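J.: Just dropping this structure here.
The values are calculated or read from the model by the stated rules, or taken from the named source; none is laboratory data. Because the structure is a prediction, the values reported are computed rather than measured. Using ideal geometry, Cβ is built from the backbone for each residue, glycine included, and neighbour counts are taken over all protein chains shown. Note: areas computed on protein heavy atoms with side chains; ligands, DNA, RNA excluded. Shrake-Rupley method; radii C 1.70, N 1.55, O 1.52, S 1.80 Å.
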Amino acid sequence: MMPEQMIRWARWARSEPWIWSWLATLGVWLATIAFTQGRGSGEVLTAALVFATFTVIVGLGQMMVVTLGPGNVDLSIPGTIALAGCAAMKLTDSENPLLLVGILAALGIGVAVGMFNYGLIRLLRIPPIIATLSTSFIVQSAAIAYGRGIRIKPAPMLADFATARILGVPVLAMVVALGSIVIGIALARSRFGRSVLAIGQNMRAARLAGIAVDRTRFATYVLSAVLASICGVVLSGFSGGAALDMGDEYLLASIAVVVIGGTSVAGGKANVPGIWGAALFMYLLVTMLNTFGASPGIRLIMTGVIIIGVILVAGGEEQ
Amino acid sequence: MCLAAFPAISLTGATKSFGAVRALERVDLVVAPGECLGLVGHNGAGKSTLMHVLAGTLAADAGELRVGATLLGRGYSPAVAYRYGIRCVFQELSLCPNLSVAENTRIFHGALKGFGWKAKARALIGAKLDEIFPGHGIAPDDEVADLSIGKRQMAEIACAFTVTDTPLRLVILDEPTSSLDASTAQQLLTFLRTEVAKGTSAILISHLLKEILKTSDRIVVMKDGKAVDARPAAQFTRDTLVAAMGTVGEHGKAEAAPGAKRSALRASQPVVIRAKPHTGGGQELLVHRGEVVGLAGLAGHGQTRMLLQLFDGGRLADTTVSEPVAFIAGDRQTDGVFPLWSIARNISIGSFATLLSGGLLNIQKEDALAQSWRDKIGIRTPDIGNPILSLSGGNQQKALFARALASLARIVLMDDPMRGVDVGTKQEVYELIRAEAEAGRTFVWYTTELDELAYCDHTYVFRNGAIVAGLGQAEATEERVLASSFHEDSAA
Amino acid sequence: MIGLTAVSNPKLLRSILPALSLALVLGAIFIKLPTAMSYFGLNLLLQYAVPIALATVAQMFVITVNDLDLSMGAYVGLVACIGATLLHDNPPLGVLALAACLAAYAVMGAAVQLRGLPSIVLTLGMSFVWSGFAVLLLSTPGGHAPDWLHNLMALPVPVVPFPIVAAAVIACVVELGLMRSSFGVILRGAGGNSKAVARAGWSLLAAKVAMFTLAGVFGMLAGLSLLGLTGAGDAHIADRYTLYSIAGVILGGGEFVGGRVSPAGAVLGALTLALANSFLNFLHISPDWQIGAQGAILILVLALRALIGAMERRP
């Protein structure tokens, strides 16, 4: 009986790859609270939820882009976060009434960056990695030039929203969870979602099946950039202002959560719950290594080793 | 003669399956030294698989391969084949486009190394090109990417005949003349005879029966993965050869003959497609509503490009396609199937318009649609939620037909869709196409199976990207189609 | 006029594009700063050309076989840190550490080939690992370059500035090895049509491992030469080198897929980048816009290339 059950379980786990990141999250959390003998277990979780939320926002966008198939990746996320954050802070000028202007400007930046990205990919026929890299240079420069020395606090409303909690659960996390559900449904049941999945499996077949390949890819790159700009706004709201380097860690993090979360790097298969699991895992891993007193060097090495380990295990099976 | 005591190469009991499909079934093949063996058969008869087994690029499931007296065991590979002097010119391009012709020769020969290798490679390939194709116009330093498709094929053939440190024993040529013009093809065949006279063996695969009959000493006929006939070439005529190859659609032929009603379509129904191939001049493609129109000619002479041109019809100025189109791929893996999806999702992707309600796909409707088409065209699966890859090739193809036919498209473009499909499935699909055409759907059908043209109301023959002939149902005989596909350059 | 004949021949135009870009930047410099047109001035302007050229060549090896190394910068930084600590304090241990880095590159190549891993993700993960080790070795900038290294990089060459001589040597060596040698043909062929190369009996695994290891070797040389120039190490000393190396290959006329690269072009591309950097500094262009300017140059070159490509396709 046992082996049969195990086989069934293993088969289920393979069809639901998000389970691994959640198991890993649980394991890391248990190890952490075992070390602290249960002290602060709740706080660690809440903090993880808050910080994971930001990673999830950009992770979802990156997930959609990666799902478009091999070679598709958005490297302009950090620059967009910084520029959108700076623009929102500067235009809002800490005034509630101007908040809408700031947010609209940030969203506008997202749309523009996404359009520019896909324009380069399409018109210059260059791989997305180079296109988004070139874009990121320019966006980053614009952010630096535009936001130099800004010390502007976010509008109180934005700050309140970004830090509010209901029954101990961050409001922002709830909103993003809702957004994740929308994206999950869109992937399974909307024309756009199905188109993205089809293009990721086989772009040529998708075109011949009558799918609007160009429009879908364009929309996906815009979506990713818009999500990055939203992340820039809420992140500055949360941390009391925009900083030029605040997007830097999200380049690697966004790709890492996509890979660890069970989205196929070969394209055509996306996984929303996995993004959450992986984002929580990444944060809790760092917390655990900190609790254990690991040096920054060890933390970096562990992160890299885990990313590589996951693609060695998961990526190989796809091929 | 002592040498002739052993054959150059002998293969016994070669068997190879791809999933449920038997590509080779206990095939025996012997080639004597200094013999040119012709290999003929319809598409999917197993010729290419056999050749890949001989070249070492595909391992047979069972069978023994001997070169001379030596038995070559498990570790047979392209490298071993090279050592024993077995060379192969594949149908698809096997040159590196980023390298020069001389550099490609170097890739082919491990012995071309050390100081001055490049001069040696240049001299080697240049001399061989001069020998086979006098006046070829290819410089050894030309980058392959810059050469025309015909010149690439010439370079590849010449490369296969160059010799460095291992002897040349057997050269396998798979459709070597498909991209060559008539005079170059003649140069090659003449060279082949002189080379064979020197003791080299050759296997020649060609659709061109005249070429085979004239050039080979002996002919092996393949059918459904088996070698069904083998005789000296002199004992075959064109007709006996055709008879030995067998006809794929034999039993369907009687029903296929259309009545006078169908041939009247051309006169009575409006034109729905009007296009001239972008790839060349020639006649205009005209398709009337409810017709089944065949695109014939040798593989890769512009038929697929024509279909793609029609697929993009709405966006092109010089192409009129007045009704919505759907495309059925022949190369399922690269053009058709979404491998991660279920059968149902693979079918429904063509029908978003009918399945959307309030911006979201109605899953019940999606399943019902897939279910009804499974029953209608008999996709053999217990559950349409199963992965598409759980189906056999023929049933995957049926799913692709279901995708196109379930959609709102009134014109269906088919890109040689019966590739690698079993005979039973073929019959079912032929009937389906006929029934849909009767109901007013229009079909444009590129096929490499001449027999399938019997199901077409009108046939256009392609050569070098241009339409060179338009034939009515009764005129589209094998002779007429072949005559238009080949060497008319001499007549023109 | 060269220009006129080139315009009518897209292939020629494409091949002289790298040299043209370099000439353009040089021209701009000499117009703005006539004093730079001297032994001393060029030496200063091209200070960092050698490590950038070496990193670019390293990246070029990986690009030849259709992969991309996003860990190049972190790796160059790690090598500099090893050089400034282990190699200085305990040479045998330092050599051993460098050898381990090369072995890691070989394993990366094998993993990409055998497991079909996307190199982008693999090297992204490796960039964490390299930085981690670098931070472990040097948590704050410091250490000392070995004297021999420092002396080598300050080698007084008469008449022609050292960076130019070094760049020429690098270009010649790689051009001979990759473009002229009989084994270089196999390695490039593996990028152009891997199936054909495998059919001819060559091991694709060996080709991939060779290319990644070569990338490791040249990346190492880049790290050491950089250390020789700066005199001290820092884990983040070369973070920008990932971008420099990719941009250098592109400026040099290399393509991302299909094994079509040019070592001489890559070195020219690296020189262009190094010059453009120094030039922007001299012009007192705010450092804010320097990365942006690089992005713009990259896009400009790619746009030019797309234009030439369109010309080629036209019959």
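J.: Residues of the stretch B:107-136 that become at least 50 Å² less accessible with every protein chain present than in their own chain isolated, using 1.4 Å: which are they?
T.: At a threshold of 50 Å² (probe 1.4 Å), the residues of the stretch B:107-136 that become less exposed are B:Ile107, B:Trp117.
J.: Please give the solvent-accessible surface of B:Ser17 in Å², to the nearest 10, using a probe radius of 1.4 Å with every protein chain present.
T.: For B:Ser17, the solvent-accessible surface is approximately 40 Å².
J.: Once the piece of chain linking B:Val228 and B:Leu308 is laid out straight, how much longer is it, given 0.36 nm per residue of separation minus the C-alpha distance between them?
T.: Contour length minus the Cα-Cα distance gives 25.0 nm.
J.: Right, something else. Any residues in the stretch C:199-239 that have 20 Å² or more less accessible area with all protein chains than in their chain alone, probe 1.4 Å, and which are they?
T.: Residues passing the criterion (a loss of at least 20 Å², heavy atoms only) are C:Arg199, C:Ala200, C:Gly201, C:Trp202.
J.: Please report the buried accessible area for the interface of C with B, total over both chains, probe 1.4 Å, in Å² to the nearest 100.
T.: Roughly 1800 Å².
J.: Let me ask something else about it. Pull up the DSSP beta bridges for the protein assembly as shown and report the antiparallel fraction as a percent, rounded to 5.
T.: 55
J.: What 222 nm value per residue comes from the helices of chain A, counting each DSSP H run with n ≥ 4 as -39,500 (n - 2.57) and dividing by all residues, nearest 500 deg cm²/dmol?
T.: So the helix-based figure for chain A works out to -25000 deg cm²/dmol.
J.: Taking the 0 to 90 degree range and rounding to the nearest ten, how far is the long axis of helix B:117-132 tilted relative to the main principal axis of chain B, both from C-alpha atoms?
T.: 70
J.: Kindly state, to the nearest 0.05, the FRET efficiency for B:Leu360 paired with C:Lys11, given R0 = 35 Å and r defined as their beta-carbon distance.
T.: Calculated value: 0.10.
J.: Between B:Glu479 and B:Ala79, what's the calculated FRET efficiency when r is the beta-carbon distance and R0 is 35 Å? Round to 0.05.
T.: The formula returns an efficiency of 0.20 here.
J.: Another question, if that's okay. With the solvent-accessible surface defined on protein heavy atoms using a 1.4 Å probe, which residues belonging to the stretch C:252-294 display a reduction of at least 30 Å² in accessible area in the multichain context relative to the isolated chain?
T.: With the partner chains in place, the stretch C:252-294 has these residues losing at least 30 Å²: C:Phe256, C:Arg260, C:Asp288, C:Trp289, C:Ile291, C:Gly292.
J.: When all protein chains stay in place, what accessible area (Å², nearest 10, 1.4 Å probe) is found for A:Phe51?
T.: Its heavy atoms expose roughly 80 Å² to the probe.
J.: Might you tell me the accessible area per residue for the protein assembly as shown, computed with a 1.4 Å probe and given in Å²?
T.: Accessible area per residue: 40 Å².
J.: Using a 7 Å offset from the Cα along the Cα-to-Cβ direction at both C:Tyr39 and C:Ala99, what is the distance between the two label points in nm, to one decimal?
T.: Using points 7 Å along Cα→Cβ, the separation is 4.1 nm.
J.: Let me ask something else. Please work out the C-alpha center-to-center distance from the stretch C:202-236 to the stretch A:96-150 and express it in whole Å.
T.: After rounding, the separation between the Cα centres reads 33 Å.
J.: Evaluate E = 1/(1 + (r/R0)^6) for C:Phe282 and C:Ala232, where r is the Cβ-Cβ distance and R0 equals 25 Å; express this FRET efficiency to the nearest 0.05.
T.: 0.55
J.: To the nearest Å, what is the center-to-center distance of the stretch B:151-183 and the stretch B:399-422, using C-alpha atoms only?
T.: After rounding, the separation between the Cα centres reads 37 Å.
J.: Using DSSP to define loop residues, name the trypsin sites (Lys or Arg not before Pro) in the stretch B:364-430 whose beta-carbon has at most 15 other beta-carbon atoms within 10 Å.
T.: In loop regions of the stretch B:364-430 (DSSP not H, G, I, E or B), the sparsely surrounded trypsin sites (Lys or Arg not before Pro) are B:Arg380.
J.: Using a simple spin-label model with points 7 Å from Cα along the Cα→Cβ vector, what separation in nm is obtained for B:Ser183 and B:Lys198?
T.: Each label point lies 7 Å from its Cα, and together they span 2.4 nm.
J.: OK, next. List the trypsin sites (Lys or Arg not before Pro) within the stretch B:24-83 that DSSP assigns to loop and that have no more than 12 neighbouring Cβ atoms inside 10 Å.
T.: In loop regions of the stretch B:24-83 (DSSP not H, G, I, E or B), the sparsely surrounded trypsin sites (Lys or Arg not before Pro) are B:Arg74.
J.: State the Cα centre-to-centre distance between the stretch A:54-86 and the stretch B:212-248 in whole Å.
T.: The stretch A:54-86 and the stretch B:212-248 have Cα centres separated by 61 Å.
J.: Now a separate question. Specify the residue with the greatest mean-square fluctuation among A:Val111, A:Val196, A:Val257, computed from a Gaussian network of chain A linking alpha-carbon atoms under 10 Å apart.
T.: Looking only at A:Val111, A:Val196, A:Val257, the biggest GNM fluctuation is shown by A:Val111.
J.: To continue, here is another question. Normalising by the residue count of chain C, find the relative contact order in percent from Cα pairs under 8 Å and 6+ residues apart.
T.: Result for chain C is 35 percent.
J.: Follow-up question, since we're still on this one. Could you work out [θ]222 nm for chain C from helices alone, using -39500 (n - 2.57) per DSSP H run of at least four and dividing by all its residues? Round to the nearest 500 deg cm²/dmol.
T.: One gets -24000 deg cm²/dmol as the mean residue ellipticity at 222 nm.
J.: With the cut-off at 29 Å, tell me which of the pairs B:Lys276/B:Lys365; B:Lys214/B:Lys276; A:Lys269/B:Lys365 have Cα atoms farther apart than that.
T.: With Cα atoms farther than 29 Å apart: B:Lys276/B:Lys365; B:Lys214/B:Lys276.
J.: How well do other chains shield peptide C:69-78, expressed as the mean number of their Cβ atoms within 10 Å of each residue Cβ?
T.: Other-chain Cβ atoms within 10 Å of each residue's Cβ, averaged: 1.
J.: With contacts defined as alpha carbon pairs under 8 Å and 6 or more residues apart, what's the relative contact order of chain A in percent?
T.: 33
J.: Next question. Check every DSSP H run in chain A and write down those whose alpha carbon atoms cover 24 angstrom or more along the long axis and whose mean Kyte-Doolittle hydropathy is 0.5 or greater.
T.: Taking the DSSP H segments of chain A (at least 24 Å long, mean hydropathy at least 0.5), we get A:18-35, A:41-67, A:99-123, A:128-147, A:171-189, A:213-238, A:272-291.
J.: Of all the accessible heavy-atom surface of the protein assembly as shown, with the other protein chains kept in place and a 1.4 Å probe, what percent is carbon and sulfur?
T.: 64
J.: I would also like to ask the following. Taking springs between alpha-carbon atoms closer than 10 angstrom, which of C:Met60, C:Met153, C:Met72 fluctuates most in the Gaussian network model of chain C?
T.: Judging by the Gaussian network model, the answer is C:Met153.
J.: Which whole-number percent is the relative contact order of chain B (Cα, under 8 Å, 6+ apart)?
T.: Relative CO of chain B lands at 16 percent.
J.: Let me ask something additional. Go through the stretch A:77-165 and name the trypsin sites (Lys or Arg not before Pro) that are in a DSSP coil and have 12 or fewer other Cβ atoms within 10 Å of their Cβ.
T.: Hits after loop and neighbour filter: A:Arg148, A:Arg151.
J.: So which residue, out of A:Val305, A:Val113, A:Val58, gets the largest mean-square fluctuation from a GNM of chain A using Cα contacts under 10 Å as springs?
T.: A:Val305
J.: Here's a follow-up. Just the number, please: buried accessible area between C and A, total of both chains, 1.4 angstrom probe, nearest 100 square angstrom.
T.: Interface area, both chains combined: 3300 Å², rounded to the nearest 100.
J.: Would you kindly find the accessible area of A:Glu4, with a 1.4 Å probe and non-protein molecules such as ligands, DNA and RNA excluded, rounding to the nearest 10 Å²?
T.: Accessible surface of A:Glu4 is approximately 100 Å².
J.: Then there's this: Given the peptides C:185-195, B:117-127, arrange them by the average over their residues of other C-beta atoms within 10 Å, most packed first.
T.: C:185-195, B:117-127
J.: A plus B alone minus the pair: what accessible area, both sides summed, probe 1.4 Å, in Å² to 100?
T.: 2100
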